[in-house]
Each structure stands twice: as C-alpha cells, then as structure tokens.
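A.B. asks: The following block contains the structure, expressed as structure tokens.
The values are calculated or read from the model by the stated rules, or taken from the named source; none is laboratory data. For clarity, every value in this text was computed on a predicted model and none was experimentally measured. Virtual Cβ from ideal backbone geometry, glycine too; neighbours counted across all protein chains shown.
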Amino acid sequence: MRVWTAGLSALGLTCGLALAQPAAAQSQISSVCGVTGAATAPASITYDPFSPGGLSEATVPLILRRNRGLILGRTREVSLVLVSPSGSPALDVTYNGYRVIYPEGSTAGRPRSLNSKDNGAGAAGEIRYDFGSLLAADTSTPLNLRVTVPPGTDLSAGEPIILDLLYICSGENGMASVSVPTRDTGTIRINVNTVSALQAYYAGSPLDFGEIGEATTAAVLAAPDRYTTPASNSLRVRSSGPFEVRMRSQNDFKLTYPGGSLSNAAQTIRYSARFLGQEITSNSGFGTRTCARAGMDGSAGVLPLRTTLKEGGSAKTPATNYSDIISITFTPIVTASSATSCAGL
Amino acid sequence: MMALTILISNRIARAAIVLASMSLAVPAVPAMADEVNQVAIYGEVAPRCWVAQPMKVATTNAAVQVPPARAICNQAQPVLASEVRMIDSDGALMKRVPTATDRTAPFSPRTALEIVVTPQL
C-alpha cells in the first residue's frame, strides 16, 4: 500500500507542477535583462491545414518570463517583436491591432523604445510589458496575440511554431539593460494545435497489363521489366504529421474476371505490387508501415506504386476484364517514434 | 525488508514521473480520419485459337499416314467447322459443296477444304 501511495503521490505532484507552470519552468539567471515566452492556443482551437478557412485571428495568450539576476537583479521593462526566420510558415500575428511579426531583416528598426522612454508613442507594432519591481511575479499577465494562419500552411502536427525574438529591455537592481535590439533565437513558441491531417490521391496512368493471352508464365518471369507498370505511377500524400499505411488487395494480389473463381488457377493471374520499397504478393505480406510527415507541399509524399505480373495469360481462361483492386489506407497519427521517410521508396 | 520496500517504492515513483511527463509531452492534438485510396489493376486474356504443332508435309506416298494438325482454343467452347467449297477462277471460295455429297464422286480440281475456327485463328 505504501508503495502505491508513494507512486501516486509522485504522479500527482508532477502533474500539479506541470499544470501550474505552462510557460518556461524557471526564469533564466543572467546578468543582463531578457525574456522568454510561450504561447499556447486553448485546446478548443485547432488548425486543420486542409480546411479552406485556415485559422482566422485566433486568440493565443503569450506569457513572458523575465530573466533574473543571481540575487536581486530583475528584468523590468521589455519591448519586443517576433521575427520569423526565412523558411518559417506564413502566419500573421497581431497585438493590440498591430502586426508584431516581421520577416527576417525587415523589422524596420523595431523595437524602438520602452514605454518609460517614449510614453507609449511608438508602441504600435511592438509588444511591451512592465514586469514591475523586485517583488512582482516573473511571469507576465497573458498578452493576447491574434494569430492568423492561412489554409495550407505547412505546420507540423503536435509541434509548436518556433520564432525568434528581437527585444530591448531594462534591468534593475544591478541587472544590465539592453538598448540595442537583440535577437534571441527560438525563444518564442506558439502552439496553435495543428491537427494531424492528410490527403492522398493516385497520380498516374491506369495499371493495365494489356492483352497477356499470348504470354506464358516462363516468358513473363524471364522479362519482368516488360510486364511491370511504369515507375512514374504513384500515390501522392500531403500531411501535417506522420501517418500509417496499410495495403490490401481485394483478390489477394490476383487478377480475375467477374464470376471467376479465386481458387481456380486457370481463372486467376498472379501479380505483385512494389510499394514503400517492399515487394508484396499477398495481403499478409505488408502489415502496417509508419511514414514521416509528408509536408503540406507533398514534397516528401510521393510514394511510387509498381505492379509486376507473376504469371502469363496463355493458360488462362479468356476474359477481357481481368482486374483487381488495391486499397491503400492512410491513417494520420499524432506522433511516431519509428517513422521513416517513405518518399521515393 | 524495509529497504526493499523503499527501493520498490522509488522505482514506482520514478515510473509514475516518467508516465506523467510522457502524458504531458504528447500534445492533445486530434488526428483526422483515414484516407482510403483504391487503385485498380487490369489485364486481358483475349479469346483465340492456334494450330498446335504446325508442320508442312510434302509427301508423294499416299500410303503415309500424316497426323492431322490440331487447332487449340483458349476459350471454353471453341467452334470448329469445315466445309468443302468450289473455287472460283480467281481463287476465291465460291460454292459450298453439301456435306451429303456423294464421296465416291471425285472432286473437281478446283475445290478446297475451308476450316473455320472460332473465335479466330
């Protein structure tokens, strides 16, 4: 009983601590002023990258945490802007009605001043905050950012958007001030709850072996390239997160015609499928594969599909409509520890 | 015994902390529904017939027995028919000779045996 009590107490303590401190757990100890910040959208706000509406002006509270000196030093005031490094997803962030996110190298001299210096005259387009004196809290009150994410933005499911911070600040009680805009890389984390979503489609020509009535099995096996569909045919996937792939053939990788019997060798023609780097000849041979996120541009989501005949049609019952249907199921998942890049396999 | 209990207790507490961390680290972000793509594969085996063991026989001795060539069809019910027809002056098959023709009567030098195999040869 004591053992269980100890375990559960530890669990509760850990949960309690984590819930009480959503931003950075501790203030950074530094001789100069500075802040870190985290902004997490409420769980009720989610971003589906495939939704035509995207995310429009969602309120995401930003909580800043000031640096502290070893003993009494504190960051007092801060003025900052967000900087999106080149290659960052396109999103718009406003604060008090003004845009506060700028592309790298286009901040136009911001942040310009602190409120104590210009009485707020240049506050538009900047995020400013006064933490107060030594005894005040090290975390700010929530600063409501309005975040807009266009549809189709390449955000990763389950991962925050990491932005840089450009700031000036004042320190007190022995802490040095920073008067020249200083960049802090990866300091701001904005989590907009991107769902793991996925779109997939087949791109290419029909997988048609054509008339194979004169081909013997020996001839087919001797010239596999001749009886293989083009490598340019593929499944195209766009996804914001990793995904699982399953493949299943309606006839267990045999062509047959309407009314044909799968147990009659004369009425079936075996073939194999090459997908995700694997040669599949039966439904039991593939299982489930986990692929890394394909991205919203689909650049990492081209999955070639080739089929190869394994039997000729010379000894088969004539029919113009031999066919089979392969079902490929993609399941978006939130996290995957063993995901591999499936592109081009 | 007490030492053992504390040891186990610490282990469980540590496991609980790890579990708590894991559960907090995994964001509560929903995943969307499955996407199923169906791809059809086609093939065709055309009905046809062919001559098995085709051979060209030139014999001068009428007594020699030549095994007849066989037509093979890959369709379940092929149709094989043969008719004797008279040949036109330009070589075209013209007049069908009834099967009930008196076989004792000699054929004209301009007759031919037409073999029709369905679906095709």
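A.B. asks: Which residue out of A:Ala18, A:Ala6, A:Ala39, A:Ala25 is at pLDDT below 95 and in contact with a strand residue (DSSP E or B) (Cβ under 8 Å, 6 or more places away or on another chain)?
C.D. replies: Of A:Ala18, A:Ala6, A:Ala39, A:Ala25, the one residue that is at pLDDT below 95 and in contact with a strand residue (DSSP E or B) (Cβ under 8 Å, 6 or more places away or on another chain) is A:Ala39.
A.B. asks: Check A:Gly260, A:Gly285 and return the single one that is farther than 22 Å from A:Thr228 by Cα and over 21 Å from the mean Cα position of the chain (by Cα).
C.D. replies: After applying the criteria, what remains is A:Gly260.
A.B. asks: Can you name every residue in region A:333-345 that is in contact (Cβ under 8 Å) with a residue 40 or more places away in the chain and either assigned to a loop (DSSP other than H, G, I, E, B) or surrounded by 17 or more Cβ atoms within 10 Å (Cβ to Cβ) (or both)?
C.D. replies: Of everything in region A:333-345, those that are in contact (Cβ under 8 Å) with a residue 40 or more places away in the chain and either assigned to a loop (DSSP other than H, G, I, E, B) or surrounded by 17 or more Cβ atoms within 10 Å (Cβ to Cβ) (or both) turn out to be A:Ile333, A:Val334, A:Thr335, A:Ala336, A:Ser338, A:Ala339, A:Ser341, A:Cys342, A:Ala343, A:Gly344, A:Leu345.
A.B. asks: Within 30 Å of A:Val195 (Cα to Cα), of a type in the set (Val, Ile, Thr) and under 36 Å from the mean Cα position of the chain (by Cα): does that describe A:Ile328?
C.D. replies: yes
Residues checked against (1) exposed (fewer than 13 other Cβ atoms within 10 Å of the Cβ); (2) polar (S, T, N, Q):
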| site | (1), (2) |
| --- | --- |
| A:Ala218 | yes, no |
| A:Gln267 | no, yes |
| A:Leu276 | no, no |
| A:Gly295 | no, no |
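A.B. asks: Could you tell me whether A:Asp130 is among the acidic types (Asp, Glu), closer than 25 Å to A:Ser31 by Cβ and at pLDDT below 90?
C.D. replies: In short, no.
A.B. asks: Is it true that some residue in region A:289-301 is closer than 18 Å to A:Asp208 by Cβ and not aliphatic (A, V, I, L, M)?
C.D. replies: No - not one qualifying residue is present in region A:289-301.
A.B. asks: Assess whether A:Pro181 counts as being farther than 30 Å from A:Ala336 by Cβ and within 14 Å of chain B (Cβ to nearest Cβ).
C.D. replies: no
A.B. asks: In region A:133-188, which residues are in contact with a Cys (Cβ under 7 Å, 6 or more places away or on another chain), surrounded by 22 or more Cβ atoms within 10 Å (Cβ to Cβ) and part of a loop (DSSP other than H, G, I, E, B)?
C.D. replies: Scanning region A:133-188 gives a single hit, A:Met175.
A.B. asks: Any idea which of A:Ile280, A:Ile328 is surrounded by 18 or more Cβ atoms within 10 Å (Cβ to Cβ), within 7 Å of another protein chain (Cβ to nearest Cβ) and hydrophobic (A, V, I, L, M, F, W, C)?
C.D. replies: Going through A:Ile280, A:Ile328 in turn, just one is surrounded by 18 or more Cβ atoms within 10 Å (Cβ to Cβ), within 7 Å of another protein chain (Cβ to nearest Cβ) and hydrophobic (A, V, I, L, M, F, W, C): A:Ile328.
A.B. asks: Within region A:140-162, can one find any residue that is over 32 Å from the mean Cα position of the chain (by Cα), more than 14 Å from chain B (Cβ to nearest Cβ) and closer than 24 Å to A:Gly97 by Cα?
C.D. replies: So far as region A:140-162 goes, no, none of its residues is over 32 Å from the mean Cα position of the chain (by Cα), more than 14 Å from chain B (Cβ to nearest Cβ) and closer than 24 Å to A:Gly97 by Cα.
A.B. asks: Within region A:195-240, restricting attention to residues that are closer than 15 Å to A:Gly295 by Cα and assigned to a loop (DSSP other than H, G, I, E, B), which residue is farthest from the other protein chains (Cβ to nearest Cβ)?
C.D. replies: The selected residue is A:Ser240.
A.B. asks: A:Ile45: surrounded by fewer than 16 Cβ atoms within 10 Å (Cβ to Cβ), more than 31 Å from the chain's Cα centre (by Cα) and either within 14 Å of chain B (Cβ to nearest Cβ) or hydrophobic (A, V, I, L, M, F, W, C) (or both), yes or no?
C.D. replies: no
A.B. asks: Under the condition of being of a type in the set (S, T, N, Q) and modelled with pLDDT of 70 or more, which residue from region B:76-117 is surrounded by the fewest Cβ atoms within 10 Å (Cβ to Cβ)?
C.D. replies: Restricting to residues being of a type in the set (S, T, N, Q) and modelled with pLDDT of 70 or more, the top hit is B:Ser89.
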